[in-house]
């Protein structure tokens, strides 16, 4: 049985969402009542839909009595995480034929890599790519040709965008198919060391490139626990993956069999069969609470404070920052994966992985055991690991105890009593901070502000030796309406170097840092953002700032009378409105919601 604290949050979400959720369910119910669409299509429409199919598949689709599976893919071969998807459509089509069904690639969605665009103009498109992906998913499914869909996506904004798109077709079952992480390369501690040495001018560009290439070295997801791998863990905890499938390496027999089985499960749960599982009903309040709990238990990416809110909203469910904060206090931290430790996701899997993690959350009453999943059984059945028995895919119970408690611990012996994600409030607005990698002695910082309007300005100040002192870096005009809310990792090595010299430092920004914020205390997603008149725009150099992650405050220690008289700072953002495609996203910037509402342009 789920703990009372978890049940109470779920009940509050259900109550506040009642109107929107009921309206959403009514819409998808109406869509479901119409049944598979091919039988009522005009002959010309249907002929266009299967013109490129072979004769066998044309015959099946002509009769409209077999399920047709949509493949929505984020494949490209520039992203290591998505390159393995090149082979998946053929595997999926073959699996569909084995059960007398058809599968078609319904459409592709864009997939950009934040690792490539970090510190570049392209990063200003990154967050809004989520919305583009959602819309591209809707276009792919708009032909009314499909009874279910499988979604091929891994990385940062791609999975949330696919989920939002899938929920707009909530009457159609959805199965998410992971590609898996690359094998382990250069250790994360060594990689971080080289980055910091480079920032300090003690390592060459050649040294840095060699280290980065040794870390990111083959097909598959980057192995640190950022947004991409947080996505995969979430999809399993929310029941959209097959049990134990998130972190199986690509291009292995087990990965291929899991892909084959994912296609068959999607075909088994259509309205044409006896296990109809529309994704819009499956992803209810329990599923989203389970996702938030699993995020806290693993110290996952702060990007999901926005993404889970936006995904839930697409299903008519309202999740708030307060929900995240309350659940964080109730959920222990059970993993140490970089940047919250030195291990990577392959080490996490070897220690017991998602099946052991979920089993611990279930035993502790931290997740809803009865939440529905695509496997045909509730989440309580996700205590299993996949394996091949002479080529046949089977599942077996997870390990009885962690195989490496430096990476993965039981709920009774956590690394921390809470999940490490905190909400901060004060006269600067609201923000979030992830402290699972921040040492206790650095969780409270009181220091004068140093104002920057870009991370490049901070980098220049560092290079000129201006930052080796106590200070709080305030990097503003970085929010969704200002410049698209780019991630700001470029600053991390500089601030880490300052901290390493014994100075107090922290970051306060209306931008974001994702899963790699690391050891520097970072108050991110400050809302309202500066360009919207948020009080962060009232700050001046030298203002004393207190950031206390333990008690949840973020304040500028300025006399209230003076504070009230101050004029909001402005910033010339014209250089951020053109080039690298940014001019195409002006409408998105103009209507984007605040970070606390998911930074979404939808409604």
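Each reported figure results from applying straightforward, stated rules to the coordinates on display, with no laboratory input. These numbers come from a predicted model, not from an experiment. We place every Cβ from the backbone using ideal geometry, glycine too, and count neighbours over all the protein chains shown.
Of all beta bridges that DSSP places with both ends in the chain, some 45 percent have antiparallel geometry. In this simple spin-label approximation, residue 276 and residue 62 carry label points 7 Å from Cα along the Cα→Cβ vector, and these lie 2.8 nm apart. Listed by Cβ neighbour count within 10 Å, with the fewest neighbours leading, 585, 602 appear as 602, 585. Measuring nothing but how far apart in sequence close Cα pairs (under 8 Å, 6+ apart) lie, relative to its length, the stretch 525-603 scores a relative contact order of 27 percent.
Apply 1/(1 + (r/R0)^6) to the Cβ-Cβ distance of residue 29 and residue 580, taking R0 = 35 Å, and write down the FRET efficiency to the nearest 0.05. So the FRET efficiency works out to roughly 0.25.
If you fit an axis through the alpha-carbon atoms of helix 304-314 and take the longest principal axis of the Cα set of the chain, what angle between them do you get, 0 to 90°, nearest 10? It works out to around 40 degrees. In terms of its C-alpha gyration tensor, the stretch 376-480 comes out prolate, because a/c is 1.5 or above and the ratio a/b outweighs b/c.
Taking the DSSP beta bridges with both ends in the stretch 432-587, the antiparallel portion is around 45 percent.
The protection proxy used here, the mean number of other Cβ atoms lying within 10 Å of each residue, ranks peptides 553-566, 328-341 as follows, highest first: 328-341, 553-566. Rounded, prolate or oblate: which fits the stretch 308-465, taking a ≥ b ≥ c as square roots of the Cα gyration tensor eigenvalues, rounded meaning a/c under 1.5, else prolate when a/b beats b/c? The shape class here is prolate.
In this calculation the C-beta distance from residue 77 to residue 213 is compared with R0 = 22 Å, giving a FRET efficiency of 0.80. Modelled spin-label separation between residue 401 and residue 444, with each label point placed 7 Å from Cα along the Cα-to-Cβ direction: 3.8 nm.
Here the extension length gained between residue 190 and residue 546 equals 124.9 nm, from 0.36 nm per residue of separation less the Cα-Cα distance.
This ranking places 527, 221 by how few other beta-carbon atoms lie within 10 Å of each, fewest first, which gives 527, 221. Note on residue 138 and residue 87: the model spin-label points, each 7 Å out from Cα along the C-beta direction, lie 3.6 nm apart.
Given their separation in residues at 0.36 nm each and the Cα-Cα distance between them, residue 587 and residue 18 gain 201.8 nm when the chain is fully extended. Taking other Cβ atoms within 10 Å as a rough exposure proxy, 543, 77 sort from fewest to most as 77, 543. State whether the stretch 1-120 is rounded, prolate or oblate according to the following rule on the C-alpha gyration tensor (a ≥ b ≥ c being the square roots of its eigenvalues): a/c under 1.5 gives rounded; otherwise a/b larger than b/c gives prolate, and the remaining case gives oblate. Verdict is oblate for the stretch 1-120.
Out of all Cα-Cα pairs in the stretch 39-176, roughly what percent, to the nearest whole number, are more than 24 Å apart?
Here the tail beyond 24 Å accounts for 34 percent of pairs.
Dimensions of the chain based on its C-alpha atoms, expressed as ranges along the principal axes with the largest first, amount to 74, 52, 49 Å.
When peptides 346-353, 308-315, 294-301 are ranked by their average number of other Cβ atoms within 10 Å per residue, the highest-first order is 294-301, 308-315, 346-353.
Angle of helix 285-298 to the longest C-alpha principal axis of the chain, folded into 0 to 90 degrees and rounded to 10: 50°. Rounded to the nearest 0.05, what FRET efficiency do residue 350 and residue 573 have when you use their Cβ-Cβ distance and R0 = 41 Å? It comes out at approximately 0.30.
Label reach from residue 377 (point 7 Å along Cα→C-beta): in the stretch 1-15, amide nitrogens under 20 Å belong to 1-2.
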